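Following: one structure in structure tokens, then a few remarks.
The values are calculated or read from the model by the stated rules, or taken from the named source; none is laboratory data. Owing to the predicted nature of the structure, the values given are computational and were not obtained by experimental measurement. So basically every Cβ, Gly included, is an ideal-geometry build from the backbone, and we count neighbours across all protein chains shown.
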Amino acid sequence: AQSVTQLDSHVSVSEGTPVLLRCNYSSSYSPSLFWYVQHPNKGLQLLLKYTSAATLVKGINGFEAEFKKSETSFHLTKPSAHMSDAAEYFCVVRASGAGSYQLTFGKGTKLSVIP
Amino acid sequence: NAGVTQTPKFQVLKTGQSMTLQCAQDMNHEYMSWYRQDPGMGLRLIHYSVGAGITDQGEVPNGYNVSRSTTEDFPLRLLSAAPSQTSVYFCASSRTGSHEQYFGPGTRLTVT
């Protein structure tokens, strides 16, 4: 079984300052990890994914995440927040193995960006 | 290539009514799934299918039925709607071996 814990339900940053959204995971197998973003009243868009290749993963819109197995973490970062980054972000884990497609979502972190 | 489409976008039901949420994909993906999203809960898996004729339950299947007669379509049926089913419903699809799931735009359902 796998699970995901997003450590903050709400994060507020000023425009131009760094963003850190924290995620810890639990998985019995080598996991695949994802970050999805959801803008208000929109569907989900994949930001980035980790699938056992490089531990530092770069995504769209300047976001990146680092897989740390020893800490079971997959935190999302961005050097400089933009107003358009205001959205809800979901950390997601998928167990590896043939035929395993089920995703387990964290409860989400709402990011506010202050002008 | 439309990706994953869902209809309707909005729906209001009275308690006890039935309805079907439609989901279709044109990417020839084998895997399809339904999630519900509630405030502060993230997305929770309702049912999924790994191919035509094969379905299985997810985390919160009670009150919902699914079928998969074709690769393209994966409808979600509410047989007797309850206020607890007020939610936003997302359909997703993925091809075999892929790590990425593609999500539809969602259906916002209100049960009064």
Would you point out the residue of region B:29-43, among those that are in contact with a Ser or Thr (Cβ under 6 Å, 6 or more places away or on another chain) and in a loop (DSSP other than H, G, I, E, B), that is nearest to B:Arg68 (Cα to Cα)?
B:Glu30
Turns out the strands (runs of 3 or more DSSP E) fully within region A:1-43 with at least 3 residues that are farther than 20 Å from B:Tyr35 by Cα, among the hydrophobic types (A, V, I, L, M, F, W, C) and in contact (Cβ under 8 Å) with a residue 12 or more places away in the chain are A:19-21
Does any residue in region B:4-25 that is surrounded by fewer than 11 Cβ atoms within 10 Å (Cβ to Cβ) come within less than 7 Å, Cβ to Cβ, of a residue that is among the polar types (S, T, N, Q) and not in a loop (DSSP other than H, G, I, E, B) six or more places away or on a different chain, and which pairs are these?
B:Lys9/B:Thr107
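Can you pull out every residue in region A:49-83 that is within 11 Å of chain B (Cβ to nearest Cβ) and either in a loop (DSSP other than H, G, I, E, B) or of a type in the set (Val, Ile, Thr) (or both)?
A:Thr51, A:Ser52, A:Ala53
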Lone unmet requirement of (1) touching a residue at least 40 places away in the same chain (Cβ under 8 Å); (2) in contact with a Phe, Trp or Tyr (Cβ under 7 Å, 6 or more places away or on another chain); (3) of a type in the set (S, T, N, Q) for A:Thr55
(1)
Could you tell me which of the residues B:Gln11, B:Gln17 is at pLDDT 95 or above, assigned to a loop (DSSP other than H, G, I, E, B) and on the phi < 0 side of the Ramachandran plot?
B:Gln17
Out of region B:44-68, which residues are β-branched (Val, Ile, Thr) and part of a loop (DSSP other than H, G, I, E, B)?
B:Val60
Please determine, by comparing only the residues of region A:28-48 that are within 11 Å of chain B (Cβ to nearest Cβ) and more than 22 Å from A:His10 (Cα to Cα), which one is surrounded by the fewest Cβ atoms within 10 Å (Cβ to Cβ).
A:Ser32
